[in-house]
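Structure record follows, encoded as structure tokens.
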Amino acid sequence: MAALSQQPPSVPIDIFPDGLKTTGQHPPLYDHIRPFDTFPKHISGPTVWQPEDYSNSPEKWTHRFTPEEIEELSTASDEFLRAKIPMTGISKTNFPLPNLANRLHELRADLLDGKGFILFKGFPVQKWGNHKSAIAYMGLGTYLGYFVSQNSRGHVLGHVKDLGEDPTQIDSVRIYRTNARQFFHADDSDIVGLLCIHRAMEGGESDLVSSHHVYNTLAAERPDVLKTLTEPIWYFDRKGETSKGEDEYIRTSVIYLERGDNPRVYTKWDPYYVRSLTRFSDAGIIPPLSPAQTEALQVLEATCNRLKLHMVLEVGDIQFLANSHVLHARTEYKDHAPPTPRRHLMRLWLATPEHEGGWRLPFWDSNEKKRGGIQVDDQAPVAPLDAE
């Protein structure tokens, strides 16, 4: 097997204060893509769950912050504000959570190696306002992973909000900036966090599914579809968020095996980024989706919908989930009329490098602290307090 490549050496400290740069999107190491006959026939363990395991037992996947935990977050946030450190410089070192740290360490293990999701309740966003809430949220996130850039503008604090963009322009518009339905997908990070600041008038609700349960279902019902998803014949759009000299798309698989012994099954998928490439396939630059791929795309979505767990995020809720073995979606939504605020979620993308217990991914940056994400040239990280 090919060895992992090394990150380009120079990270300018004046642009990236912590000395860590988001590595960004890139093709897999093709030598590490394994043939379908080496994949497991069935997956077992805590990463495989069914909606009925949790739908009537919210205590298994929710944690209400205690007054002591809120006080600890508040104190750390106030001290961070007083120190006048930029928000992009938050780390475990300058955001101490002596008591919550152990709970978050356990949670991180369950996210990476267990069921892959949790819902925190009772985060006082209305009392604290956006600035302090964002600091506390990012500080909390640093105990789960390293925050990475979510777009070409370097946003390490993202905002899921309808900005009136046209969701039909899927070759250029990111769907999180619209009110459209999101199909089941995984984000370009190891863990994604969503903090609810304002709810929609209707819709915008969350669905999750164990991609390992989906895998087992497809292995039993449609092994032909599963085989298609493991082949490196899929092209993913980069929607113009590229550095100089990079291709506008990536050839990849949807379902991989980890590198090394006892590999787990890893899923990396977003149908919008597959469907949006007709500008290249129409020009003959890349092949169009084959009938088998089109069917696989449809069967995968339908299977996720059959096996999903539905979840509603209230104001002050934080959902964290692992992109490695959980796919997520959201329903279309409608906002309240002004002056009532629009639906607003603050988003974190967090990286968990291999040497700190993260998955052994078939990408060159598997050991980098800020692996994945979206990084364009030397765009500096920024943490805006609202969508822009």
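Each reported figure results from applying straightforward, stated rules to the coordinates on display, with no laboratory input. Computed from a prediction, not measured in an experiment: that's the story for all the values here. Note that each Cβ is placed from the backbone with ideal geometry, even for glycine, and that neighbours are counted across all protein chains shown.
Listing for the model above:
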| item | result |
| --- | --- |
| Filter result for the condition that a residue is in contact with a strand residue (DSSP E or B) (Cβ under 8 Å, 6 or more places away or on another chain), part of a helix (DSSP H, G or I) and crowded, with 18+ Cβ neighbours inside 10 Å, over Leu300, Leu327, Leu313, Leu321 | Leu300 |
| Residues located in the stretch 215-269, provided they are at positive phi and crowded, with 18+ Cβ neighbours inside 10 Å | Lys239 |
| Residue count, the stretch 80-101 (criterion: in a helix (DSSP H, G or I), touching a residue at least 12 places away in the same chain (Cβ under 8 Å) and either touching a helix residue (DSSP H, G or I) at 6+ places or on another chain (Cβ under 7 Å) or not small (Gly, Ala, Ser) (or both)) | 5 |
| Matching residues in the stretch 82-125 - criterion: being aliphatic (A, V, I, L, M) and closer than 12 Å to His63 by Cβ | Leu100, Leu104, Leu107, Ile118, Leu119 |
| One residue from Lys127, Lys84, Lys92 being under 17 Å from Leu350 (Cα atoms) and loosely packed, with under 15 Cβ neighbours inside 10 Å | Lys92 |
| Residues of the stretch 330-383 that turn out to be under 14 Å from the mean Cα position of the chain (by Cα), among the charged types (D, E, K, R) and not in a loop (DSSP other than H, G, I, E, B), as a count | 2 |
